[in-house]
Structure formats: C-alpha cells, structure tokens
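What follows is a short report on a single structure.
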Amino acid sequence: MMIPACPLADLPRGEAFRLETDPPVTVFHTDDGELFAIDDTCTHQDASLADGWVEGCWVECPLHASKFNLKTGEVDAPPAKLPVRTHEVVVQDGMIYVQLSTAAPNLPHCVTARLAGALA
Ligand code: FES
C-alpha cells in the first residue's frame, strides 16, 4: 500500500516525519539528502525512533542507544536484537510516499500485547 507522507519541501535534511500508521512508520531525510522509511518503534521497547539521533544512515534509539541502519533496518548492538522493517520511499510531484512493506514487523512484546488488547 502506498501512503502519502508529506511534501518533500516540508521535510528538511536532518528531520524526520512520523506517519500514524499502525504500527507507525517514520521517514528520515538524512544530511546527505537521502530519504528512508523504517518502522518507528524500536524493536527493544516502546520508543519512537523519530525522536532518535540520525548520523549518516543510522538512527540511534533515544531510550537505550541501539542504532538501526536506515537502509537495511539492521541493528548495531544490544539491547535491541531484531532489525526494524524498512519501507520503500517514492517522491512524485514533490510529495513523499511510502510503500509499506508486507513483511511482519518486529515490534517489542509490550507493543504487540497492547495492539492485541486493542483488537480484543
Ligand atoms: S527502547 Fe530502543 S534500545 Fe531500548
């Protein structure tokens, strides 16, 4: 599914835009001008990676400092152990769109339990 995010002009380099999808997805515009989209929720606990620090093509979780690769989703070191999903980013007519991955997300247990409770 292709989801509109925001106009490219509204997302300066170094900034992140969080889509309130379920689970949420964040688009990062790096200092080098690249665009990446990954699941917003850290795979360790319920932290928003949109609030993290971006350096190169890595984002550091604001809670316990595991870093996720924006290109591949891989994690560099514990406490997070699982990668985040990555999503394709497309820019058309100045608008950023995210093509959501169909892979299963690696959400932390507390978030999975909350979503399951919400569905019950
Ligand atoms: S919540 Fe992200 S590393 Fe712990």
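The values are calculated or read from the model by the stated rules, or taken from the named source; none is laboratory data. Predicted, not measured: the structure shown is a model, and the values here were computed from it. Using ideal geometry, Cβ is built from the backbone for each residue, glycine included, and neighbour counts are taken over all protein chains shown. For accessibility, only protein heavy atoms count, side chains too; no ligands or nucleic acids. Shrake-Rupley method; radii C 1.70, N 1.55, O 1.52, S 1.80 Å.
Which one, V89, H44, P24, is farthest towards the positive end of the dipole of the chain when Lys and Arg carry +1 and Asp and Glu -1 on their Cβ?
Farthest towards the positive end: H44.
Enter the Cα centre distance for the pair the stretch 78-112 and the stretch 32-48, rounded to the nearest angstrom.
7 Å
If the only charges are +1 at each Lys and Arg Cβ and -1 at each Asp and Glu Cβ, what is the size of the charge dipole of the chain around the Cα centre, to the nearest 20 debye? Walk me through the intermediate numbers first.
Details: 7 positive and 17 negative charges, 80 e Å.
Roughly 380 debye, rounded to the nearest 20.
What distance in nm separates the two pseudo spin-label positions at T102 and D31, each 7 Å out from Cα along the beta-carbon direction?
Going from the T102 label point to the D31 one covers 3.8 nm.
Please state the shape class of the chain: rounded when a/c is under 1.5, otherwise prolate if a/b exceeds b/c and oblate if not, all from the C-alpha gyration tensor.
Verdict is oblate for the chain.
Could you please put L8, L70, L35 in sequence from largest to smallest accessible area, using a 1.4 Å probe?
In descending accessible area the options line up as L8, L35, L70.
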